[in-house]
1. Would you confirm whether any residue within segment 48-56 is surrounded by 16 or more Cβ atoms within 10 Å (Cβ to Cβ), modelled with pLDDT of 95 or more and small (Gly, Ala, Ser)?
2. Quick check on segment 31-39. Is at least one of its residues among the small types (Gly, Ala, Ser) and either open to solvent by less than 50 Å² (accessible area, probe 1.4 Å) or within 14 Å of the chain's Cα centre (by Cα) (or both)?
3. State all residues of segment 82-114 that are assigned to a helix (DSSP H, G or I) and either in contact with a helix residue (DSSP H, G or I) (Cβ under 7 Å, 6 or more places away or on another chain) or surrounded by 14 or more Cβ atoms within 10 Å (Cβ to Cβ) (or both); if no residue qualifies, say none.
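The values are calculated or read from the model by the stated rules, or taken from the named source; none is laboratory data. The shown structure was predicted, so the numbers you read here are calculated from the model rather than taken from an experiment. Please note: Cβ atoms are built from the backbone with ideal geometry, for glycine as well, and neighbour counts cover all protein chains shown. The protein model used for the area step is the full one, side chains on, heavy atoms only, and it has no ligands, DNA or RNA in it. Shrake-Rupley method; radii C 1.70, N 1.55, O 1.52, S 1.80 Å.
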Amino acid sequence: VQLQASGGGLVETGGSLRLSCAASRSLISLNKMGWYRQAPGKERESVAIITGGERTDYADSVKGRFTISRDYAKNTVYLQMNTLKPEDTGVYYCYASTYPMNYWGGGTLVTVSS
């Protein structure tokens, strides 16, 4: 599976961005999809996950501000990010899995200025 992430950019504190992750095949075959991020000098961390039945899970630091969703018709997963903070800065990676395989897309850089 090929995953193409896009939508990153430079935004001021309090602003919004929407990231997109386009998959090369139907999302129906991908049980779990999500977004991870890696800030400078830090390890990659999970930000948001969506699983079968559209169950979602978020890192505590983004709850209430970020929303993950997927569009089966477009084979795309989105991450709507609102009320952005400087600590949200990092490279965001799209992720998908269907047992026993894991897939990663290229990252998209999000920079939040203070």
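1. Yes, segment 48-56 contains at least one residue that is surrounded by 16 or more Cβ atoms within 10 Å (Cβ to Cβ), modelled with pLDDT of 95 or more and small (Gly, Ala, Ser).
2. Yes, that holds for at least one residue.
3. Asp88
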